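Student: Take a look at the following structure, please.
The values are calculated or read from the model by the stated rules, or taken from the named source; none is laboratory data. Predicted, not measured: the structure shown is a model, and the values here were computed from it. Here the Cβ positions follow ideal geometry from the backbone for every residue, glycine too, while neighbour counts run over all protein chains shown.
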């Protein structure tokens with residue numbers, strides 16, 4: 001695992017200028033379970049990207065609303081949620097169960113919010129209810145940091161899942177190293193011209209396929 005992380009950590013990234021909710025601020029464990037439910041499903045990475053994006057834009061909307069409410073209690077602050085197209089009652093339920101209302105802007109930006117944070121609980125409630133925020137756009141224009149960070153998170157999830165699925169961590173790490181080199185060679189120059197995370201998408205697709213092969217092999221060996 002650590003060897004794999006060391007390899008992927010040096011991938012080029014874009015920096016964000018102003019504070020805003022970011023993909024890395026949230027956990028996607030439950031959502032990613034949907035991505036790995038069927039290793040035989042077609043277009044695993046593309047389908048998973050859509051699933052994760054839907055979860056992210058919802059969490060982002062909740063975070064925006066909660067940040068606008070602070071320091072007012074989410075139990076009484078409704079307008080920012082309504083402005084995002086969200087049911088304020090979900091935040092009120094989160095408060096009722098004793099959620100942590102710490103201001104998001106004071107927490108580490110690269111660590112997912114705690115499971116007991118109001119934003120986390122309210123988001124989970126809304127995801128279960130199928131809520132879609134008014135702003136469901138994930139900015140993927142040229143050189144959009146949000147898009148690059150989201151795509152990087154997506155590819156890392158597949159890499160970690162593959163690493164956890166195999167008993168031969170070194171072999172999987174070697175596969176990921178070769179995959180990264182191939183994706184970088186094939187797409188990095190075009191990526192720099194277009195501003196699109198093409199090498200990231202390439203890696204996510206390859207890692208998802210590798211995970212699917214490992215998962216199916218494990219099923220056959222049982």
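Student: Let me confirm something: among 84, 50, which residue is at pLDDT 95 or above and more than 21 Å from residue 211 (Cβ to Cβ)?
Tutor: 84
Student: Whether any residue in the range 93-116 is surrounded by 13 or more Cβ atoms within 10 Å (Cβ to Cβ), at positive phi, out of contact with any helix residue (DSSP H, G or I) (no Cβ under 7 Å at 6 or more places or on another chain) and assigned to a loop (DSSP other than H, G, I, E, B) is what I want to check.
Tutor: Taking every residue of the range 93-116 in turn, none turns out to be surrounded by 13 or more Cβ atoms within 10 Å (Cβ to Cβ), at positive phi, out of contact with any helix residue (DSSP H, G or I) (no Cβ under 7 Å at 6 or more places or on another chain) and assigned to a loop (DSSP other than H, G, I, E, B).
Student: So which residues in the range 72-88 are assigned to a helix (DSSP H, G or I) and out of contact with any helix residue (DSSP H, G or I) (no Cβ under 6 Å at 6 or more places or on another chain), if there are any at all?
Tutor: Within the range 72-88, 79, 82, 83 meet the criteria.
Student: Something else: Name the residue that is nearest to residue 147 (Cα to Cα), counting only residues in the range 209-222 that are assigned to a helix (DSSP H, G or I) and out of contact with any helix residue (DSSP H, G or I) (no Cβ under 8 Å at 6 or more places or on another chain).
Tutor: 213
Student: Give me a count of the residues in the range 117-157 that are out of contact with any helix residue (DSSP H, G or I) (no Cβ under 9 Å at 6 or more places or on another chain), in a loop (DSSP other than H, G, I, E, B) and modelled with pLDDT of 90 or more.
Tutor: The qualifying residues number 1.
Student: Provide a single number: the residues in the range 174-208 that are touching a helix residue (DSSP H, G or I) at 6+ places or on another chain (Cβ under 7 Å) and either surrounded by fewer than 21 Cβ atoms within 10 Å (Cβ to Cβ) or in a helix (DSSP H, G or I) (or both).
Tutor: So the answer is 23.
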